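This report refers to the structure that appears directly beneath it.
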Amino acid sequence: MRALVVYESMFGNTQKIAEAIAGGLALTMTTDIVEAGSAGRSLAGVDLLVVGGPTHAFGMSRESTRESAHDRTSGTVVSRAGGIREWIAALDADGTPFATFDTKAERPRLPGSAAHAARRHLRRRGLRPVAAATSFHVTGMEGPLADGEEERARRWGEELGRART
């Protein structure tokens with residue numbers, strides 16, 4: 001069994017969550033992890049796809065929200081060449097089972113979720129959801145992750161892997 005984790009990250013928080021999920025999946029499946037701008041378009045040989053990104057403007061990021069994130073930091077953003085929205089739109093869909101996740105601010109609690117939006121887009125492309133969209137929390141726009149979120153992501157990855165094997 002092979003899992004593929006595709007993520008988009010601005011400040012590294014979503015990347016840390018993706019790595020933790022991949023670590024959990026790796027206990028039961030061969031697992032690859034790739035940033036969305038570098039991900040291929042084919043899912044050949046993938047038994048489980050996990051897709052995640054940060055919640056921007058109540059959903060998946062867009063070029064304008066990524067530019068805004070870049071302008072707000074003195075550091076470098078992780079995802080510079082497109083995000084999960086563009087990757088999903090160009091994906092060669094084939095009915096692959098999938099799960100989605102996002103990172104979003106713990107406070108204030110705002111509506112919207114990149115994970116829910118990605119789930120809708122993937123379903124429209126013909127992929128099959130196998131888990132509810134899941135959110136992991138950051139304490140501010142640039143992070144850090146809220147306490148315990150990396151461990152929770154690892155456990156979620158383990159659960160996904162066990163359910164698929």
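The values are calculated or read from the model by the stated rules, or taken from the named source; none is laboratory data. As the structure is a computational prediction, the values presented were derived from the model and not from experiment. As a convention, Cβ positions derive from the backbone with ideal geometry for all residues, glycine included, and neighbour counts pool all protein chains shown. Protein only, heavy atoms only, side chains kept; ligands, DNA and RNA dropped before computing areas. Shrake-Rupley method; radii C 1.70, N 1.55, O 1.52, S 1.80 Å.
Taking the protein heavy atoms of the chain in the context of the full set of protein chains, the accessible area attributed to carbon and sulfur is 47 percent at 1.4 Å. Remark: spin-label model distance Ala163-Asp47 equals 1.6 nm, labels positioned 7 Å along the Cα→Cβ axis. Taking label positions 7 Å along the Cα-Cβ direction at both Ala93 and Arg107, the computed distance is 4.0 nm, reported to one decimal.
Positive end of the dipole of the range 93-161 (Cβ unit charges, origin at the Cα centre): among Phe136, Leu110, Pro97, the Cα lying farthest that way belongs to Pro97. Each residue of the range 150-165 was assigned a 3J(HN,Hα) from its phi angle through the Karplus curve 6.51 cos²θ - 1.76 cosθ + 1.60 (θ = phi - 60°); the sequence is 5, 5, 4, 5, 4, 5, 4, x, 4, 4, 4, x, 5, 5, 8, 9 Hz, with glycine and proline shown as x.
Excluding ligands, DNA and RNA, the accessible surface per residue across the range 7-165 is 47 Å² with a 1.4 Å probe. Backbone geometry of the range 25-41 corresponds, through the Karplus equation with coefficients 6.51, -1.76 and 1.60 at θ = phi - 60°, to 3J(HN,Hα) couplings of 4, 5, 5, 10, 9, 5, 10, 10, 10, 8, 6, 3, x, 10, 6, x, 9 Hz, x marking Gly and Pro.
Full extension of the chain between Ala132 and Arg155 gives 6.8 nm of extra length, using 0.36 nm per residue less the Cα-Cα distance. Once backbone amide H atoms are built at 1.01 Å from N, Thr96 has Arg128 as its partners under 5 Å, excluding neighbours fewer than 5 places away on the same chain.
Estimated at 0.36 nm per residue, the fully extended path between Asp71 and Thr139 surpasses their Cα-Cα distance by 22.5 nm.
Computed from phi, the 3J(HN,Hα) profile of the range 110-124 under the Karplus parametrisation 6.51, -1.76, 1.60 (θ = phi - 60°) reads 10, x, x, 7, 5, 5, 5, 5, 4, 4, 4, 5, 5, 4, 4 Hz, with x in place of Gly and Pro. Annotation: amide H of Thr103 within the under-5 Å range of Gly53, Thr55, Phe136, sequence separation 5 or more or interchain, hydrogens built in the peptide plane. Charges were assigned to the Cβ only: +1 to each Lys and Arg, -1 to each Asp and Glu. The resulting dipole of the chain about its Cα centre is roughly 560 debye. Listed values [x] 160; [y] 94; [z] 111 include one computed from this model; for volume of the Cα convex hull per residue in Å³ that value carries the label [y].
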